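The values are calculated or read from the model by the stated rules, or taken from the named source; none is laboratory data. Please read these numbers as outputs of a predicted model, since none were measured by experiment. When we count neighbours, we look across all protein chains shown, and the Cβ atoms used for this are built from the backbone with ideal geometry, even at glycine.
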Amino acid sequence: MIQRGLAVGLSLAAPPFVLTAILGWPYRATTVLIAGLVMLYTVTGGVKALNLDRRPADGGHFLRASRGFGHGRLAAPGRTSRFWMPFSLAGAAGKA
């Protein structure tokens, strides 16, 4: 909850600093405007839409990471059986 609160505070405080410095807008009014926009976005389901949008991207990241791992295993030199040694030892010890 602390991390979430800090993230929300940063998302509300950072844009007014920039807009005040660049455009000369009043800080308090800009903060209220940004807070209103964030609340409107949240109430209208923006977070849900963002989460739905992220699912395919997360799947793609997982597939690319898996493919990279596979390519690394295939491209490794011949003495890579040591990679599997901890797994076989764990199996022999009854831990797997």
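Quickly run through segment 54-66 and pick out the residues that are surrounded by fewer than 10 Cβ atoms within 10 Å (Cβ to Cβ) and at pLDDT below 80.
Matches in segment 54-66: none.
Does residue 11 satisfy being of a type in the set (S, T, N, Q) and at pLDDT 80 or above?
Answer is no for this residue.
Looking at (1) at pLDDT 75 or above; (2) surrounded by 10 or more Cβ atoms within 10 Å (Cβ to Cβ); (3) of a type in the set (A, V, I, L, M), which is the only condition residue 49 fails?
In the conditions (1) at pLDDT 75 or above; (2) surrounded by 10 or more Cβ atoms within 10 Å (Cβ to Cβ); (3) of a type in the set (A, V, I, L, M), residue 49 misses (1) alone.
Pairs needed: first member in segment 69-96, at pLDDT 75 or above; second member anywhere, surrounded by 10 or more Cβ atoms within 10 Å (Cβ to Cβ) and outside any helix (DSSP H, G or I); C-beta distance under 6 Å; at least 6 residues apart or different chains.
90/96
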